[in-house]
């Protein structure tokens, strides 16, 4: 069973909002043998209007199977609880996650 602990606090430090180009550049800067660790890296945040273009690029470069998308919220607009997405790079060779645990920090 593959288990991923999610560090939302660290993820929000990598908030690309609607900047798809910067999100793709950040994702590609991660090494091929990247191993997800909630201790030093949590993922990154994209807003809904950026998700579809990001996914199209990931599909084009054959990386769509290496990402995990989880719900998050736009911290810039807490009153409305507007949605955002947490994007994680995972290694599909290890198998797909069977459980996800959110860590409290």
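The values are calculated or read from the model by the stated rules, or taken from the named source; none is laboratory data. Please read these numbers as outputs of a predicted model, since none were measured by experiment. Cβ placement follows ideal geometry from the backbone for every residue including glycine, while neighbour counts extend to all protein chains displayed.
Here is how the numbers come out for the structure above:
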{"quantity": "Residue within segment 12-25 that is in contact with a strand residue (DSSP E or B) (Cβ under 8 Å, 6 or more places away or on another chain), part of a helix (DSSP H, G or I) and modelled with pLDDT under 90 present", "calculated": "yes"}
{"quantity": "Failed condition for residue 104, given (1) loosely packed, with under 15 Cβ neighbours inside 10 Å; (2) within 23 Å of residue 25 (Cα to Cα); (3) at pLDDT below 80", "calculated": "(2)"}
